[in-house]
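Undergrad: Structure provided below as structure tokens; questions to follow.
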Amino acid sequence: MTQIATPAQPELVEGRARPNRTALVAQARDSIMRGSKSFAAASQLFDPQTRERVWLLYAWCRRCDDLADDQDHGGELGPAAGAQDRLATIRTLTELAFAGEATGDPAFDALGVVARETGLTRAMADDVIGGFALDADAWRPRSEADLLQYCFHVAGAVGVMMAVVMGVSPTDEETLDRACDLGLAFQLANIARDLDEDDAAGRSYLPLDWLVEADIPPGEHMKPHFRGALVPIVARMCALAQDYEVSARIGAARLPLRSRWAVLSAAGIYGAIGREVARAGPHAWDHRVTTSTAAKLGFVVKALAQCLLPPPRSAPALPWTRRQLAERARAA
């Protein structure tokens with residue numbers, strides 16, 4: 001396995017100082033603690049080397065998301081103006097990181113470090129950036145396939161990169177498929193939970209076909225008199241998330257014990273979000289659905305028990321797989 005480099009002093013690259021690995025890890029840890037308490041909690045279950053690499057990759061994902069949406073570790077979405085320029089910045093700094101050059105941004109330097117240590121590829125990163133490109137174009141899904149295409153870019157492709165960081169070979173297509181499925185499950189649950197926030201920012205990730213079937217005019221789905229018609233749509237999305245989560249649990253069995261434990265803990269925590277949104281029905285957006293600290297600990301304990309049990313024997317029939325979605329994206 002590649003040894004971790006920890007230079008004592010910053011390295012100078014073309015006159016710019018690249019922070020040493022220890023500094024990058026510290027900044028990445030701060031980023032994950034601010035940006036995702038659920039993921040930060042689950043990451044403590046990894047072995048130290050994997051944990052640091054997960055933090056480094058998270059820092060890049062978080063920074064890209066914040067740049068794309070003009071935010072600081074989430075929160076209210078910024079103005080759409082300048083979105084294409086911010087996207088160009090993401091692409092330029094990512095290219096520098098994979099070229100092994102200092103970027104002037106710790107999160108992108110973090111990507112360069114973890115890519116060199118694990119074998120992450122530029123194509124994997126480009127799949128993630130494809131999601132930011134869709135948002136920059138004010139894209140909206142027309143069909144379920146479009147919805148899953150978006151989820152592939154912004155979360156499924158991240159799952160693939162995280163799997164490689166955990167030690168999965170970049171050529172292990174079957175396990176990477178399952179890792180992508182977990183990302184898809186997470187994103188579907190997030191979309192269902194955040195409908196009100198997205199609507200306030202002028203965004204909607206509900207397929208137009210679904211809205212038409214429910215007789216909900218596009219752009220009006222969060223109005224109170226459409227809440228009843230919206231509930232079955234969201235239940236459909238949450239059921240789709242559940243199917244992808246079950247598929248992901250099969251792949252988790254191929255990971256080392258501590259990584260498997262962390263992944264199953266995260267699956268439980270995020271899965272609970274989708275299930276609570278579905279359970280709450282028309283009241284799901286009265287307040288943001290969250291998972292308490294006690295509940296998180298409960299999922300961590302449950303995940304340890306699941307590590308000792310056989311995984312599901314077979315996955316539900318999924319409408320789209322990672323490879324199908326990747327091919328669809330490249331053909332677009």
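The values are calculated or read from the model by the stated rules, or taken from the named source; none is laboratory data. Keep in mind that what you see is a predicted model, and the values were worked out from it rather than measured. Counting neighbours? That spans all protein chains shown, and the Cβs are built from the backbone with ideal geometry, glycine included. The accessibility values were calculated without ligands, DNA or RNA, using every heavy atom of the protein model including side chains. Shrake-Rupley method; radii C 1.70, N 1.55, O 1.52, S 1.80 Å.
Undergrad: Please compute the volume of the convex hull spanned by the alpha-carbon atoms of the stretch 200-332 and report it per residue in Å³. Mind dumping the intermediate values first?
TA: Numbers: hull volume 20.1 nm³, N = 133.
Per-residue hull volume (Cα only) is 151 Å³.
Undergrad: Follow-up question, since we're still on this one. Once amide H atoms are built 1.01 Å from N in the peptide plane, which residues 5 or more positions from residue 253, or in another chain, come under 5 Å H to H?
TA: For residue 253, whose amide H was placed from the backbone, there are no distant partners under 5 Å.
Undergrad: Once whole DSSP H runs in the chain are found, which of them have Cα atoms spread over 15 Å or more along the helix axis and a mean Kyte-Doolittle score of at least 1.0? Mind showing how you got there, number by number?
TA: Details: long enough: 21-35 (21 Å, -0.17); 48-69 (31 Å, -0.76); 83-98 (23 Å, 0.16); 106-118 (18 Å, 0.48); 122-136 (20 Å, 0.57); 173-193 (30 Å, 0.05); 227-252 (36 Å, 0.61); 257-280 (34 Å, 0.39); 293-307 (21 Å, 1.07).
Sorted by number, the helices that extend far enough and score high enough are 293-307.
Undergrad: I've got another one for you. Go ahead and estimate [θ] at 222 nm for the chain from helices alone: -39,500 (n - 2.57) per DSSP H run with n ≥ 4, summed, over the residue count, rounded to 500. Could the numbers behind the result be given before it?
TA: Details: 15 runs with 213 residues, N = 332.
Taken over the chain, the calculation gives -21000 deg cm²/dmol.
Undergrad: Oh, and also: Taking N as the number of residues in the stretch 214-272, what is its alpha-carbon radius of gyration divided by 2.2 N^0.38 Å?
TA: Values: Rg = 16.7 Å, N = 59, 2.2 N^0.38 = 10.4 Å.
Against the compact-globule rule of thumb, the ratio is 1.61.
Undergrad: What part of the accessible area of the chain, given as a whole %, is carbon or sulfur when the probe is 1.4 angstrom?
TA: Values: 8150 of 14790 Å².
Roughly 55 percent of what the probe reaches on the chain is carbon or sulfur.
Undergrad: Continuing with this model, one more query. Once you wrap a convex hull around the alpha carbon atoms of the stretch 170-227, what is its projected area averaged over all directions, in nm²?
TA: Values: hull surface 21.1 nm².
Seen from a random direction, the Cα hull of the stretch 170-227 projects 5.3 nm² on average.
Undergrad: Compute the accessible area per residue over the chain, keeping the other protein chains in place, probe 1.4 Å, unit Å².
TA: Numbers: 14790 Å² over 332 residues.
Per-residue accessible area for the chain comes out at 45 Å².
Undergrad: Could you tell me which of 155, 210, 39 has its Cα farthest along the dipole of the chain towards the positive end, charges placed at Cβ (Lys, Arg +1; Asp, Glu -1), taken about the Cα centre?
TA: Projecting each Cα onto the dipole axis, the largest value belongs to 39.
Undergrad: Using a 7 Å offset from the Cα along the Cα-to-Cβ direction at both residue 84 and residue 292, what is the distance between the two label points in nm, to one decimal?
TA: 5.0
Undergrad: Mind checking the log10 I(q)/I(0) for the stretch 68-170 at q = 0.11, 0.12, 0.16 Å⁻¹? Debye, one equal scatterer per Cα, no solvent, two decimals.
TA: Here the Debye-derived log intensity ratios amount to -0.37, -0.44, -0.77.
Undergrad: Here's something else I'd like to know. Along the principal axes of its C-alpha atoms, what lengths does the stretch 54-124 span, in descending order and rounded to whole Å?
TA: Taking the Cα atoms of the stretch 54-124, the three principal extents are 36, 22, 22 Å.
Undergrad: Using 0.36 nm times the number of residues separating residue 330 and residue 201, minus their current alpha carbon distance, what extension gain do you get?
TA: Numbers: separation 129, 0.36 × 129 = 46.44 nm, distance 2.83 nm.
Answer, rounded to one decimal: 43.6 nm.
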